[in-house]
1. Under a Cβ-Cβ cut-off of 9 Å, what is the net charge of the residues other than F36 that fall near it, where Lys and Arg count +1 and Asp and Glu count -1?
2. With a ≥ b ≥ c taken as the square roots of the eigenvalues of the C-alpha gyration tensor of the range 28-117, please select rounded if a/c is under 1.5 and otherwise prolate if a/b is larger than b/c or oblate if it is not?
3. Give me the tail of P(r) for the range 139-287 as a percent: Cα-Cα pairs with distance above 29 Å.
4. Quick one: pull the percent of accessible area on the range 21-141 belonging to carbon and sulfur, 1.4 Å probe, ligands and nucleic acids left out.
5. Simple spin-label model, 7 Å along Cα-to-Cβ: R226 to K202 in nm?
6. So what is the relative contact order of the range 91-178, in percent, for Cα pairs below 8 Å that sit 6 or more residues apart?
7. Note the full-extension length gain between S128 and R237 as 0.36 nm times their separation in residues minus their Cα-Cα distance, in nm to one decimal.
8. Specify the residue with the greatest mean-square fluctuation among A250, A260, A106, computed from a Gaussian network of the chain linking alpha-carbon atoms under 10 Å apart.
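The values are calculated or read from the model by the stated rules, or taken from the named source; none is laboratory data. Quick caveat, the model's predicted, so the values are computed rather than measured. As a convention, Cβ positions derive from the backbone with ideal geometry for all residues, glycine included, and neighbour counts pool all protein chains shown. Note: areas computed on protein heavy atoms with side chains; ligands, DNA, RNA excluded. Shrake-Rupley method; radii C 1.70, N 1.55, O 1.52, S 1.80 Å.
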Amino acid sequence: MQKPVVAAVLALVLASGSVIANSAERRAPAPVELSFGSDKLQRVDVWAGPSKGAPLVVFVHGGGWKRGDKSMMKGSAKLSHWQEQGYAVASVNYRLVPEATVEQQAQDVADAVALLKGEAGRLGYDASRIVLVGHSAGAHLVALVGTDPAYLRKAGLGYSDIDGIIPLDGAAYDVPAQMDENARLMGDTYEQAFGTDPERQKALSPTFHAAAPNAPSFLILHVQRRDGTRQSRGLARALRGAGTQASVEAVEGRGLRGHAEINRKLGEPDYPATALVDRYLAARFGT
């Protein structure tokens, strides 16, 4: 696949995250925007739950570590569905490559969680019930925060502060393996994000951090992509080997189209991943 075609496909993937279907039915009050740093991208949008003390779902967008925005949550099936399930919802921005590093992005996610916990009383959700969800690059970031305790520790938190991690169709859990397998299609993106130093690549690989301690529970979802399937299964296997609760589930959809659909369609009642995520959230939150 030629690079211009790849760029066009990736643009479609990103755009799909902001497609608003049935927008009249999915309108939600404007979110509260919070800041966890001085950079304009260190921001998080928060939609209150339908009742005081609601659990909180924190979403981290994708975009190849260099694109994407928290505004992709607005009008989405995820937002309206999670609110209907009784949850508060947050959508996190983070600084982007190349101006920032992936290490800084993971720290942004952890810092956002720390801020959200601190604002729980004011905004009316339950600081003790938080699950992180991420798509694509966001899946990698939530998995990294969920396996390398350094990021939460620097934010003043630990793994007792989060209930679970849901990565949606990530494929960079083992960065060196992914860079080798997918070099032709995404090599430039991966090299820009992870560089060429094998030790740094391992340090940014959730699978290499899967030895305990980890977040208490993972639900790892993937569509029908060879690299995403292999990477998701490898991460789940490594987590279970360390005694961490981890399940991996395949959902419909193939290639980059399926990769976009798991983000765009999640929350739609007839999309299979919706029920998987619903059951997991209900179990983790005790709802």
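1. Overall, the nearby charge balance is -1.
2. Because a/c hits 1.5 or more and a/b exceeds b/c, the range 28-117 counts as prolate.
3. 15
4. Numbers: 2000 of 4320 Å².
Taking all protein chains in place, the range 21-141 shows 46 percent carbon and sulfur surface.
5. It is 2.6 nm.
6. 31
7. Result for the pair: 36.5 nm of gain on full extension.
8. For the chain, modelled as a Gaussian network with Cα springs under 10 Å, the answer is A250.
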